[in-house]
1. Quick one: Cα centre-to-centre distance for the stretch 56-105 and the stretch 10-41, in angstrom?
2. Based on the Cβ-Cβ distance from residue 73 to residue 12, what FRET efficiency comes out when R0 is 22 Å, to the nearest 0.05?
3. Based on DSSP H runs of at least 4 residues, each adding -39500 (n - 2.57), what is the mean residue ellipticity at 222 nm of the chain after dividing by all its residues, to the nearest 500 deg cm²/dmol?
4. Between 75, 13, 127, which gets the highest mean-square fluctuation from a Gaussian network model of the chain, Cα cutoff 10 Å?
5. Note down the Stokes-Einstein diffusion coefficient of the chain in µm²/s, whole number, using a Kirkwood radius over alpha carbon pairs, 37 °C, and 0.692 mPa s.
6. Calculate how many DSSP beta bridges within the chain are antiparallel, expressed in % of all such bridges and rounded to the nearest 5.
7. Gain in length, residue 111 to residue 131, computed as 0.36 nm per residue apart minus the alpha-carbon separation, to one decimal in nm?
8. What is the calculated FRET efficiency for residue 24 to residue 47, with r their C-beta to C-beta distance and R₀ = 22 Å, to the nearest 0.05?
């Protein structure tokens, strides 16, 4: 077992989380907020777009079953990385690197991807993950009948 972590931001965290939580090799997903200055923000605060935080999904996975490249392919297919902008920071496209080594890897991956299409995804570091309120965790699993 090789536990690893990656944190993605790419629009609404409900939809983004649903792309990952049932994958073989994913131990846990959590929705939350990262990248801003407000400590322990609420959904209401983040939605006002004045905290600097993005809606994120933290993924804990087994890298011997599911590679970081596998997760990156899913991430870039599950949202429009060329269309999201920083106009509404909570919905920006970003990846939060856990260390410098991962940041370099992610920057290189995005640069290669950028050769083929426009990518507005940024790699960020050094922020605290704030877990979202319980009602936002596994939202689509809890509300299957309402999902379109």
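We did not get these values from a lab; they are worked out from the coordinates using the rules stated. Since the model is a prediction, treat every value here as computed from it, not as a measurement. Here the Cβ positions follow ideal geometry from the backbone for every residue, glycine too, while neighbour counts run over all protein chains shown.
1. Comparing the Cα centres of the stretch 56-105 and the stretch 10-41, I get a distance of 10 Å.
2. Values: r = 20 Å, r/R0 = 0.91.
Approximately 0.65, to the nearest 0.05.
3. Numbers: 5 runs with 41 residues, N = 148.
Helix-only estimate at 222 nm: -7500 deg cm²/dmol.
4. Among 75, 13, 127, the largest mean-square fluctuation in the Gaussian network model of the chain belongs to 127.
5. Values: Rh = 15.5 Å.
The Stokes-Einstein estimate is 212 µm²/s.
6. Antiparallel bridges: around 90 percent, rounded to the nearest 5.
7. Details: separation 20, 0.36 × 20 = 7.20 nm, distance 2.98 nm.
Taking residue 111 through residue 131 to full extension adds about 4.2 nm, to one decimal.
8. Result of the calculation: an efficiency of 0.10.
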